[in-house]
1. Give the separation of the Cα centroids, region 317-347 to region 234-250, in Å.
2. For the chain, give me the percentage of DSSP beta bridges that are antiparallel, rounded to the nearest 5 percent.
3. Kindly flag which residue pairs out of K201/K271; K233/K290; K201/K233 have an alpha-carbon separation exceeding 27 Å in this structure.
4. Given region 152-274, what percent of its DSSP beta bridges are antiparallel, to the nearest 5?
5. Anyone know which of G308, G14, G22 comes out most mobile in the 10 Å Cα GNM of the chain?
6. Using a 10 angstrom Cβ neighbour count of at most 15 plus a DSSP loop assignment to flag exposed GluC sites (Glu not before Pro), which longest range of the chain is free of such sites?
7. Springs between alpha-carbon pairs under 10 angstrom, Gaussian network model over the chain: which of S270, S188, S55 fluctuates most?
8. Taking 0.36 nm per residue of separation and subtracting the Cα-Cα distance, what length does fully extending D79 through D125 add?
Amino acid sequence: MHKHIASWAVIGAGPAGIIAVGKLLDIGINPKEILWIDPEFKVGDFGKHWRNVVSNTNVWGFIKLFYACNAFKFGSAPDFEINKRDLFGSCRLALVADPLQWISDHLKSTVNSIYGMVSNLKMCDRHWHINLENIQLKSKNVVLAIGAEPKSLSFANVEEIPLKVALDSHKLERVCNQEDTIGIFGSSHSAILILKTLLEKCNVKKVLNFYLSPLRYQVKFDDGILFADTGLKAETAAWARANIDGKLPEKLERILSNKVNLQKTLPLCSKVIYAIGFEKRNIKVHGIEKLEYHPKTGIIAPGLFGFGIAFPQAQTDHYGTLEYRVGLGKFYYYLTHILPIWMSYGA
Ligand SMILES: Cc1cc2nc3c(=O)[nH]c(=O)nc-3n(C[C@H](O)[C@H](O)[C@H](O)COP(=O)(O)OP(=O)(O)OC[C@H]3O[C@@H](n4cnc5c(N)ncnc54)[C@H](O)[C@@H]3O)c2cc1C
């Protein structure tokens, strides 16, 4: 296979990579013509770091996705724990990661899968040369589903609790103590989940929540959803309404994150957490300085496409709000829409 030129290479085996491989098989691409590359094949960050996070989408949405691609062959999967849960409730992401791991294992043995990290890509003779540590592969088209890293503000002189630790309540409990004043930046779903854990489970002295804008809630109407992607929903929204817009817990102080306030209050923090969004991972592409993508089609260059949390679809909703659509079900519907475009935008 390695001397052979593939028609499609998918780089990354997180949820986005899994969906990309499933959709390519469903539209009839020969499995022998698909290369799939990842260092671990463990469902990406979703499977490794977010297992203990409570979902912001419901169980039904996940189950629908497992059956969405014929290539997933989910009809013959074992009876996973998620099947026993309330279809319209949230669940821990581990319950989603386990079925995805089963799907990933099955797809991995269907297509040409290669363990490794891609270091760079180069276009030559209308093919993408994909360079890994000790092999070079070639493909007509490449899908980058490489995921994103949490953003940081890197303030000096204060210890940072990484988001991957903060979003796991057991780990967060272990790294905090009763002398700690914890500063947490952000006001989205992740920030609210962490605030709830800090106040309810970790015995800390004080929590300072640095925010830039008012909280946003998702609201459903008959003809659309307001703040469908950025708004707080489900249990997180209920907690925020009661505790932040309602009665502020005793140990919590909310502080507008401006220069004057930060100069005054940041030195009070023994540890900080940045829950301020994500930044796409990078792969060097020869001749392209910065990985820019077209936010409605994922096109980066002829035959090179971005997909998943690193390259989310931009969509203006019914109410005029521009949002970036991140979530498993959204990835699936977006790809259904853009795959025909990718098919005719090859190298
Ligand atoms: C805290 C949190 C909660 C979320 N909750 C939900 C939810 O409730 N519902 C929902 O639908 N979505 C949720 N999401 C959103 C979304 O489903 C996840 O962000 C998802 O993990 C993104 O998948 P991905 O495949 O794009 O990236 P990742 O999961 O990060 O996978 C990327 C993969 O690419 C690999 N890779 C990177 N670079 C290279 C390279 N150079 N060569 C080879 N491989 C490479 C990585 O090793 C990794 O395996 C949540 C996200 C977060 C952060």
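Each value in this text was obtained by applying a stated rule to the coordinates, not by laboratory testing. None of these values were measured; they are calculated from a predicted model. Glycine gets a Cβ as well: all are built from the backbone with ideal geometry, and neighbour counts include every protein chain shown.
1. 33
2. 40
3. Check vs 27 Å cut-off fails for K233/K290.
4. Working: 3 of 20 bridges.
Here the share of antiparallel DSSP bridges comes out near 15 percent.
5. Highest fluctuation among the options: G22.
6. My reading of the result: 41-132 is the longest stretch.
7. S270
8. 11.8 nm
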